[in-house]
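Take a look at the structure below.
The values are calculated or read from the model by the stated rules, or taken from the named source; none is laboratory data. None of these values were measured; they are calculated from a predicted model. FYI the Cβ positions are ideal-geometry reconstructions off the backbone, even for glycines, and counts take in every protein chain you see. To get the accessible areas, we keep the full protein, side chains included, count just its heavy atoms, and leave off ligands, DNA and RNA. Shrake-Rupley method; radii C 1.70, N 1.55, O 1.52, S 1.80 Å.
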Amino acid sequence: MTLPSRTSPFLSWTWRRSSAKFFRPSRPRLDILLPRPYSTSTWTGSASERANQFRKVAIVSFALGVLGCYALQKGVSRRADTGDTHIVSSVHTSGPAVTDSDLSSSLNASNVPSECKSFTYGTPQDIKKAIEELRQTFPQSRVSTDPDVLHLHGSSENSYHPSSPHSVVVQASSTEDVVKVVNISRKYRVPIIPYSGATSLEGHFNGHSSGSICLDMSTMDKILEINEADGDLTCQAGARWEDINSTLTEKGIPLFFPLDPGPGATIGGMVGTGCSGTNAVRYGTAKAEWFLNLTVVLPSGKVIKTRRRARKSAAGFDTTKLFIGAEGTLGIITEATLRLTTRVPTKVAMAQFPNVEMAVNAVNDILKTPYGPHIQCAELLDDNMMSAINAAGLVDRPYLVQDTLFFKLQGSPESIMETSRAVQEIANKYGSSRFEFASTDEEAEEIWQNRKYALMSTLGAHPGTKCWTTDVCVPTSKLPQLVYETKADLAKAGLKYTIVGHVGDGNFHALIVFSDEKELEVVNAAVHRLVHRAIAMDGTCSGEHGVGIGKTEYLVEELGEGTVELMKTVKRAVDPLNLLNPGKLYP
Ligand SMILES: Cc1cc2nc3c(=O)[nH]c(=O)nc-3n(C[C@H](O)[C@H](O)[C@H](O)COP(=O)(O)OP(=O)(O)OC[C@H]3O[C@@H](n4cnc5c(N)ncnc54)[C@H](O)[C@@H]3O)c2cc1C
């Protein structure tokens, strides 16, 4: 087999990387079905038209705010908008820099029931002034109000949650730049949405309906220091995990960073979503100690470092963790020191199974043997996914259309042979018909790429459709039941889908395709049932993609009121004006 051509037509679906070219050519839109709430940041027409536009929005916002508060008091908890309860400018006079007393009175206001607390964001005039100040502070080429750029940065073709375009996109190149943007945001009370690799899947970086500054971190992508002897590396937050690993390889350093989420993801976003990936079964997730130290700009404009470079520290509680999975709502990460690990030789193998249950049970058994630690990855691709890879034309020799496990085994050649014998034996016990090693490095790379590009294969196999990707995670013993019930449910709903999973962790993704709004509703309902099914099995609404807008409604059910209130208390203390990525994460 040869490496697949990455120029297949469907792969013209480009990554939303803006780093190389800030003003990117427009990409094919996959999100035309996106419900568009009214938006104060859709600035079209003359200034007076915009003022009228705004006045209308302000009146509607105010009325909705009052009604919303009333409704919430009556026990209605579901929001119609991406935002928190925010009474936009109708109650706000222009925004001077926030003072200490503002902050402390805002903190005292934390006794007010959070649902009824309103955040006062900047008026259109304030937003205009903020944009002017950004233009005075940064070179023109790094501040954009081009409608296409605002739209592209404010929504994702990978998610179908409510979104608005940003008011302005600004590109930072240093921690000092980020401080300047944060201070301008605070001065004019304009929310900031951090944006980096743009591969997150739950509406994480969608624009805010009262106007927002998109802080594009993607060009802060330098590797600053590699300490080979200590096994760590310091980089800017916009560095991509793939670039970090290829740089280490090019320099002949036998170390790598094992977190491997979506192609194009960056360190800042990976901290933001608390990511993991195919290597998690062996190396754990972002919540393990792979981030030793973070440099963070807080909403106050203060710059902190969460730790030093030592491998471990018992000095206080773990403030690094505070930012992992915080989805850009507590601070903006500008630099990170990553722990690296030794690159161990690997071999890639594939085994087919009669059904998903047999495949998952085989992995569970394999991981319990003394050979378990030699399994770097154990990935499930269901029969639909195998068929999609074939149909998308990614392989010269079609794969067998059966539920399949992709393994990466690691160790010395001898231990890989021993491990593979053990794996094969257990696979046979669970009815596996074939167990094949990739015969060359290229073939191994191809198999792995096909796993990583599951989303594109799914879309490629169903031309003209869009795809909703969701992930849940359950205790591993519950996974076969979850997959079985979910497949039956999706089939009953008449939906086309593929399933891939980091099954060694009990984590699986359903990629469900749809072609119109009616079908999107059916998908939405199926995802809802899937999440409830996972939580009922003592699992989680997201094993790795995070909460964003899409999963906020499940947090109380999963974590309990007390835990969610603790999260909100931290948010209120750190970001009393609710300026960092509002409307995401907190229910
Ligand atoms: C094909 C595909 C496969 C994927 N596979 C996986 C997988 O295996 N495992 C997995 O975990 N995920 C996976 N994902 C999801 C995605 O890659 C991860 O969520 C990733 O961590 C997002 O990183 P990013 O740089 O793209 O962040 P973005 O999408 O740019 O941002 C993510 C969040 O972090 C915030 N943020 C961004 N930069 C910063 C910063 N500097 N400081 C503070 N906050 C910031 C944003 O505001 C947002 O809330 C996949 C996605 C795709 C499209």
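Let's see how each residue does on (1) open to solvent by 50 Å² or more (accessible area, probe 1.4 Å); (2) more than 16 Å from the ligand (Cβ to nearest atom):
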{"site": "A422", "(1), (2)": "no, yes"}
{"site": "N428", "(1), (2)": "yes, yes"}
{"site": "Q449", "(1), (2)": "no, no"}
{"site": "K466", "(1), (2)": "no, no"}
{"site": "D471", "(1), (2)": "no, no"}
{"site": "S477", "(1), (2)": "yes, yes"}
{"site": "Y484", "(1), (2)": "yes, yes"}
Worksheet item: In region 233-263, what count of residues is obtained for those that are surrounded by fewer than 15 Cβ atoms within 10 Å (Cβ to Cβ) and of a type in the set (G, A, S)?
Response: 2
Worksheet entry | Odd one out for E157, checked against (1) surrounded by fewer than 23 Cβ atoms within 10 Å (Cβ to Cβ); (2) over 22 Å from the mean Cα position of the chain (by Cα) | (2)
Response to the item:
Being at pLDDT below 95 and either within 16 Å of the ligand (Cβ to nearest atom) or on the phi > 0 side of the Ramachandran plot (or both) narrows G262, G238 down to just G262
Fill in: Criterion: at positive phi and either within 13 Å of the ligand (Cβ to nearest atom) or not hydrophobic (A, V, I, L, M, F, W, C) (or both) - qualifying residue of G197, G211, G207
G211
Discussion item. Checking P162 against (1) within 9 Å of the ligand (Cβ to nearest atom); (2) open to solvent by 10 Å² or more (accessible area, probe 1.4 Å), only one condition comes out false. Which one?
Written reply: (1)
Worksheet, complete the sentence: All conditions in (1) in contact with a helix residue (DSSP H, G or I) (Cβ under 6 Å, 6 or more places away or on another chain); (2) farther than 18 Å from V297 by Cβ; (3) more than 10 Å from the ligand (Cβ to nearest atom) are true of T145 except (1)
Worksheet, complete the sentence: Counted residues in region 281-307 being near the ligand (Cβ under 9 Å from one of its atoms) and open to solvent by 10 Å² or more (accessible area, probe 1.4 Å) come to 1
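Just to be sure before I move on: is L511 in contact with a strand residue (DSSP E or B) (Cβ under 8 Å, 6 or more places away or on another chain), open to solvent by 20 Å² or more (accessible area, probe 1.4 Å) and under 24 Å from N355 (Cα atoms) in the structure I sent? Break it down stepwise before answering.
Numbers: in contact with a strand residue (DSSP E or B) (Cβ under 8 Å, 6 or more places away or on another chain): yes; open to solvent by 20 Å² or more (accessible area, probe 1.4 Å): no; under 24 Å from N355 (Cα atoms): yes.
Judged against the criteria, L511 is not a match.
Identify all residues within region 533-587 that are of a type in the set (D, E) and within 14 Å of the ligand (Cβ to nearest atom); write none if there are none.
Start the filter on region 533-587 by keeping residues that are of a type in the set (D, E), which leaves 538, 544, 553, 557-558, 561, 565, 575.
Within region 533-587, E544, D575 meet the criteria.
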Fill in: Qualifying positions in region 440-478 - out of contact with any helix residue (DSSP H, G or I) (no Cβ under 7 Å at 6 or more places or on another chain) and of a type in the set (F, W, Y)
W448, Y453
Worksheet item: When S173 is evaluated against the numbered criteria (1) surrounded by fewer than 20 Cβ atoms within 10 Å (Cβ to Cβ); (2) within 15 Å of the chain's Cα centre (by Cα); (3) among the small types (G, A, S), which criterion, by number, is the only one it fails?
Response: (2)
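So if I check each of K368, K408, which one is at negative phi and out of contact with any helix residue (DSSP H, G or I) (no Cβ under 9 Å at 6 or more places or on another chain)? Before you say what the answer is, go through the steps one by one.
Numbers: K408 fails: out of contact with any helix residue (DSSP H, G or I) (no Cβ under 9 Å at 6 or more places or on another chain).
From the options K368, K408, the qualifying one is K368.
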